[in-house]
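Report on one structure; see the data block that follows.
Here, each number is a calculation from the coordinates, and none is a lab measurement. Note that the structure is a prediction, hence the values are computed from the model and not measured. For neighbour counting, all protein chains shown are included, and Cβ atoms are generated from backbone atoms with ideal geometry for every residue, glycine included.
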């Protein structure tokens, strides 16, 4: 908690220092502008403090899941998250979560947050991202004195936040897939040494690197609460969207029903996954030149347009002011998107 308070105070201090030049410049011209800048800086500091409190608070996703499961036995209500405990924000968080559920986005948001290991409920994530975008948009609008730049900045922060969450989730999934052969080897070795399946899973949770250790630890916690080990491992495969591990869980389920040498099956699956990962990396190296060419060809028109727009705007102005120029610009954007899609299909190899 002390670290949270120090971080929040530093954030508010930095925003206040950033706003002080604007206050000094505007003190002689307009007191209202100074007041708006000060209010915007304080609001941004509060928003950053709430964002840091949500991300780095003491309650983890595993603890939240356990509290929700134990609530059915203890009679306590399920944990509704930190923002839901604040009366002013509870209605907004619940409303955002209901809208996402009605639109069918709630499962995707929950999966992305679980994969990214962010201890947030879907409503909290939506409220936090929208609140941060609104604060940044208001600050930019006040400093630039232009509502269009404020709207663009808010939309940019919204898009960057979503992309960041998706990027963190994708990185964790990739790490889990790369660690899967070693995970299955550890399971096979543990079974050969006389461990039971639960003891082997516990060994993986204790010795494997992240995020494998976290996911197997969560599976162990679920089995201690009465869930079947196969079902808990199946949840890990679904949560990490790993088809390879789903096949391994299917092999475990079949072995528990009909018998057989599970250690040998897991060892064979680990060798197969290792060889396929090696082939996938070789294909990625062979197609590196084509992928770089696709990136350059896709980004070159956009970067050239931005360079001319900021350096020689008078050169582009006739196209931007005429109807035919705008139609040509729209056609160019459409053809560029088609070309990028075509190039991505050419250089993408499924292994």
Q) What FRET efficiency comes out for the pair residue 311/residue 164, r = Cβ-Cβ distance, R0 = 35 Å, nearest 0.05? A) 0.70
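Among 272, 323, which comes first, then next, by fewest other beta-carbon atoms within 10 Å?
Numbers: 272 14, 323 7.
Ordered from fewest to most neighbouring Cβ atoms within 10 Å, 272, 323 come out as 323, 272.
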Q.
Once each part is reduced to its C-alpha centroid, what is the distance from the range 119-150 to the range 170-238 in angstrom?
A. 39 Å
Q: Along Cα→Cβ, 7 Å out, is where each label goes; now give me the distance between the ones at residue 243 and residue 271 in nm to one decimal.
A: 2.3 nm
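If you count, for each residue, the other Cβ atoms within 10 Å and average over each peptide, how do 188-196, 242-250, 101-109 line up from highest to lowest? The partial results should precede the final answer.
Details: 188-196: 15.3, 242-250: 17.3, 101-109: 12.6.
The densest-packed peptide leads the list: 242-250, 188-196, 101-109.
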Q.
Assuming 0.36 nm per residue, please report the length gained on full extension of the stretch residue 261 to residue 348 beyond their Cα-Cα distance.
A. 27.6 nm
Q. Taking 0.36 nm per intervening residue step and subtracting the Cα-Cα distance, what contour gain separates residue 175 from residue 117 on full extension?
A. 19.6 nm
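Sort the following peptides by mean Cβ neighbour count (other Cβ atoms within 10 Å, averaged over residues), highest first: 206-214, 289-297. Mind showing how you got there, number by number?
Details: 206-214: 16.0, 289-297: 13.3.
Those peptides, ordered most packed to least, come out 206-214, 289-297.
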Q: Can you bin the range 174-276 into rounded, prolate or oblate? Criterion: square roots of the alpha carbon gyration tensor eigenvalues sorted a ≥ b ≥ c, rounded for a/c under 1.5, prolate for a/b above b/c, oblate for the rest.
A: rounded
Q | Rounded FRET efficiency, nearest 0.05, which uses the C-beta distance separating residue 304 from residue 328 and R0 of 25 Å | A | 0.95
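Show me 251-259, 127-135 ranked by packing, highest mean number of other Cβ atoms within 10 Å first.
Values: 251-259: 13.4, 127-135: 19.9.
The most tightly packed comes first, giving 127-135, 251-259.
Give the shape of the range 287-347 as rounded, prolate or oblate, defined through the alpha-carbon gyration tensor: a ≥ b ≥ c are the square roots of its eigenvalues, a/c under 1.5 means rounded, and otherwise the shape is prolate if a/b is larger than b/c and oblate if not. Kindly include the intermediate steps, with their values, before the conclusion.
On the way: a/c = 6.38, a/b = 1.87, b/c = 3.41.
Because a/c hits 1.5 or more and a/b fails to exceed b/c, the range 287-347 counts as oblate.
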Q) Label-point separation (nm) for residue 292 and residue 336, each offset 7 Å from Cα along Cα-to-Cβ? A) 2.3 nm
